[in-house]
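Peer 1: Structure below; questions to follow.
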Amino acid sequence: MQTTPPSPDGADILCEILAVNEALSGLKDLDAILDRILTESRRIARADAGTVYLVEDGRLRFGYVHNDTLIGQGKVTKDVYADFTLPMDSTSIVGHVAATGRALDIADAYAMAPDAPVAFNPAFDRKTGYHTTSMLTLPVITSQGAVSGVIQLINAKDDAGRPVPFGPQARTLLPLLATMASVAIERAIMTRELILRMMQMAELRDPSETGAHVTRVGSYAAEVYHRYAQMAGTDERELKKTKDLIRVAAMLHDVGKVGISDKILKKPARLDPEEFAVMRMHTVYGARLFQNSTSELDAMSGSIALNHHEKWNGTGYPGRLDGLAPAQAPGPPKAGTEIPLEARIVALADVFDALGSRRSYKPPWPDEKILALLREERGAHFDPDVVDAFLDIFEVIAAIRDKYTEDQPAPDAPEGPAG
């Protein structure tokens, strides 16, 4: 999460909002867009914290969170994967804004008038020790006039870092940013839904390729990359750009299974050597779908599809191939950094999720057994640095798994966030 530098003057910030709109248009993944929306909204308003909620099935679902005081700057955190919903009514501030479609600017949450249309819930502050003062809550409204989400910013700060009411610049400019956000969010949701529909085709062939599975793998890969890149000292702009791509591309890692016969995909037992040789071709079939890549996303999707079964020690497949012919023998082995980083990350994410999931031929493994295997395969199957990054954020990995379970509805908000 980013700290909030001093905001520029009005004319400059209007130009920056247009630049933000251009930046949002270049992002592919929903989480990356929500992160950028919060980053830019907080910068304009000089806010310490913020949350985005999205409307889903008539309720507000938690989308993304920043909090410099509680979470810190740029950290990989499990809080991003909290999973709860709130009703769109006046039982909460964000629900009230969603229901009315009107922004709400509160100078001091603990000094609200008794006859205010909605009350502040201090449970989050009591639970965490945070102190909410100023709050600016804005509806995200689509071009059709419907509320698609809510942006809530907390604790605008003065030059000394003290919480103050939100200024006129924030109240004037942030509704414009919220309008831009609506377009970007709609586009990202359409992209994610399109990918999930593609994976539903694969699920018709292979029941293990569920939407929840590919969403988990994409999220694992994004957060492991984030930590790996931090450990490697990667520039923040490059980090965020690649994280955006890898989350989406990783979801398509097994799309090539549509080219494998049902007899093999649905066999309720382990494959024999001949069947496994056929199964290995799903890497090539997947890569062929992105062969004439026209974008960075296509290129990364093809790279992951082809290489996510390669192993650090050179014993994986399909190896170095002469083109992507429909059927050919495995090529000479790929090993170490010859395997693209994104594929090395997805290799671990995919194995972790597969071992922890029930299959027709095995029960789910407990975490202790999976983590023991990952440590054992560090430097053999898996890139040692990728394993280290994964283990370093295992709390986040567990939060992702808990959020994206198979057909599990989101719970109601516990003792809600500040809003």
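Computed from the coordinates by the stated procedures, all read-outs in this text should not be read as laboratory data. Since the structure is predicted, the reported quantities are computational estimates derived from the model, not experimental observations. Don't worry about glycine lacking a Cβ; one is built from the backbone with ideal geometry, like all the others, and counts go over all protein chains shown.
Peer 1: Given the options T179, T100, T128, state which has the largest fluctuation in a GNM of the chain using a 10 Å cut-off (strictly under) for Cα springs.
Peer 2: Largest GNM mean-square fluctuation: T128.
Peer 1: Mind checking the dipole of the chain: about its Cα centre, +1 per Lys or Arg Cβ, -1 per Asp or Glu Cβ, Debye to the nearest 20?
Peer 2: Working: 45 positive and 58 negative charges, 141 e Å.
About 680 debye.
Peer 1: Rounded to the nearest 0.05, what FRET efficiency is calculated for E376 and E406 with R0 set to 22 Å and r the Cβ-Cβ distance? Please list the in-between numbers first.
Peer 2: Numbers: r = 28 Å, r/R0 = 1.28.
Here the calculated transfer efficiency is 0.20.
Peer 1: Find, among the trypsin sites (Lys or Arg not before Pro) in the stretch 278-329, those assigned to loop by DSSP (not H, G, I, E, B) with at most 11 other beta-carbon atoms within 10 angstrom. Could the numbers behind the result be given before it?
Peer 2: Values: sites: R280, R288, K311, R320; in loops: R280, K311, R320.
Passing both the DSSP loop test and the Cβ count: R320.
Peer 1: What helices does the chain have that are whole DSSP H segments, at least 18 Å long along their own axis by Cα, and with mean Kyte-Doolittle hydropathy of -0.5 or more?
Peer 2: Numbers: long enough: 10-25 (23 Å, 1.08); 30-45 (22 Å, 0.19); 168-205 (56 Å, 0.49); 211-232 (31 Å, -0.23); 236-250 (20 Å, -0.80); 341-355 (22 Å, 1.29).
Result, helices passing both filters: 10-25, 30-45, 168-205, 211-232, 341-355.
Peer 1: Another question, then. Report the gain in length on full extension from R61 to M190: 0.36 nm times residue separation, minus Cα-Cα distance, nm rounded to one decimal.
Peer 2: On the way: separation 129, 0.36 × 129 = 46.44 nm, distance 1.71 nm.
Value of the extension gain: 44.7 nm.
Peer 1: Identify all aspartates and glutamates with a Cα-Cα distance to K127 below 16 Å; exclude those on the same chain that are fewer than 8 residues away in sequence.
Peer 2: Result set, ordered by chain and number: D79, E415.
Peer 1: Among E368, E275, E310, rank each residue by its count of other Cβ atoms within 10 Å, from fewest to most, as a rough exposure measure.
Peer 2: Working: E368 8, E275 17, E310 26.
By the 10 Å Cβ count, ascending, the order reads E368, E275, E310.
Peer 1: Would you mind getting me the FRET efficiency between R359 and A19? Use the beta-carbon distance for r and R0 = 41 Å, nearest 0.05.
Peer 2: Numbers: r = 48 Å, r/R0 = 1.16.
Approximately 0.30, to the nearest 0.05.
Peer 1: With bins 5 Å wide starting at 0, give me the P(r) of the stretch 206-403 over every alpha carbon pair, in whole percents.
Peer 2: Per 5 Å bin, starting at zero, the Cα-Cα P(r) for the stretch 206-403 comes out as 1, 8, 15, 21, 22, 18, 10, 4, 1, 0 percent.
Peer 1: Calculate for the chain the 222 nm mean residue ellipticity that helices alone would give, adding -39,500 (n - 2.57) per DSSP H run of length 4 or more and normalising by residue count, nearest 500 deg cm²/dmol.
Peer 2: On the way: 15 runs with 196 residues, N = 419.
So the helix-based figure for the chain works out to -15000 deg cm²/dmol.
Peer 1: In which sequence would V118, V164, V255, V224 go, from the one with the fewest C-beta neighbours within 10 Å to the one with the most? Walk me through the numbers on the way to the answer.
Peer 2: Working: V118 21, V164 16, V255 24, V224 30.
Listed from fewest to most nearby Cβ atoms, that is V164, V118, V255, V224.
Peer 1: On to the next question. How do Y225, Y53, Y317 line up, fewest other C-beta atoms within 10 Å first?
Peer 2: Y317, Y225, Y53
Peer 1: Evaluate E = 1/(1 + (r/R0)^6) for T172 and T337, where r is the Cβ-Cβ distance and R0 equals 45 Å; express this FRET efficiency to the nearest 0.05. Walk me through the numbers before you get to the answer.
Peer 2: Values: r = 50 Å, r/R0 = 1.11.
E between T172 and T337, to the nearest 0.05, is 0.35.
Peer 1: Multiplying the sequence separation of V278 and D235 by 0.36 nm and subtracting their Cα-Cα distance, what value in nm do you get?
Peer 2: On the way: separation 43, 0.36 × 43 = 15.48 nm, distance 4.10 nm.
Gain in length upon complete extension: 11.4 nm.
Peer 1: Between T142 and V164, what length in nm is gained on full extension when 0.36 nm per residue of separation is reduced by their alpha carbon distance?
Peer 2: On the way: separation 22, 0.36 × 22 = 7.92 nm, distance 3.03 nm.
Full extension of this stretch gives 4.9 nm more.
Peer 1: When a/c is below 1.5 the answer is rounded, else prolate if a/b is larger than b/c, else oblate, so apply that to the stretch 227-311 with a ≥ b ≥ c taken from the square roots of the Cα gyration tensor eigenvalues.
Peer 2: On the way: a/c = 3.20, a/b = 2.05, b/c = 1.57.
Note, shape of the stretch 227-311 comes out prolate.
Peer 1: Quick check: convex hull over the Cα atoms of the chain, volume per residue in Å³, rounded to an integer? Working shown, then result.
Peer 2: Values: hull volume 61.6 nm³, N = 419.
Cα-based convex hull of the chain, divided per residue, equals 147 Å³.
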